[in-house]
1. Would the range 1-54 count as rounded, prolate or oblate if I go by the C-alpha gyration tensor, calling it rounded below 1.5 in a/c and otherwise prolate when a/b exceeds b/c, oblate otherwise?
2. Could you work out how far apart the two model spin labels at residue 83 and residue 42 are, taking each label as a point 7 Å from the Cα in the direction of the beta carbon, and quote it in nm?
Amino acid sequence: MPDGWVDGDVSAEGELELATKALTAIKARAQSAGSWRGIPELDFLFYAKAGNEETKVEAFGCKLLLNNLLDLDPKGGALSTRKIKFLVTSPKFINIDGIPYLEAEATENLIG
């Protein structure tokens with residue numbers, strides 16, 4: 001007989017696709033950090049839009065996984081781009097339209 005439920009683990013990840021020219025901003029962060037892997041976690045704000053509907057998404061503490069920096073094979077006439085994966089690592093996690101995904105009780109001992 002069921003007797004309630006337990007919240008499971010949560011995780012989030014994403015991928016940025018940047019033109020090589022736009023990679024300059026990430027490169028500046030790498031230079032400042034002393035290495036590509038040393039880039040500190042970043043917070044991202046982006047909008048997901050479908051038709052007339054738009055959703056504001058904030059992702060906190062995103063750790064970049066720079067594993068395709070040397071993949072330089074654009075198809076004929078295509079813009080050279082890089083895909084950069086990221087993991088959401090902050091206890092603040094994600095807000096959707098300004099509303100936290102996680103309830104305050106889930107992160108009260110994690111956020112100072």
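1. Working: a/c = 4.36, a/b = 1.67, b/c = 2.60.
Oblate, since a/c reaches 1.5 and b/c is not below a/b.
2. Placing both labels 7 Å beyond Cα along the Cβ direction yields 1.8 nm.
Bear in mind that the values in this text are calculations on the coordinates, not laboratory data. Since the structure is predicted, the reported quantities are computational estimates derived from the model, not experimental observations. Positions of Cβ are generated from backbone atoms using ideal geometry, with glycine treated the same way; all protein chains shown enter the neighbour counts.
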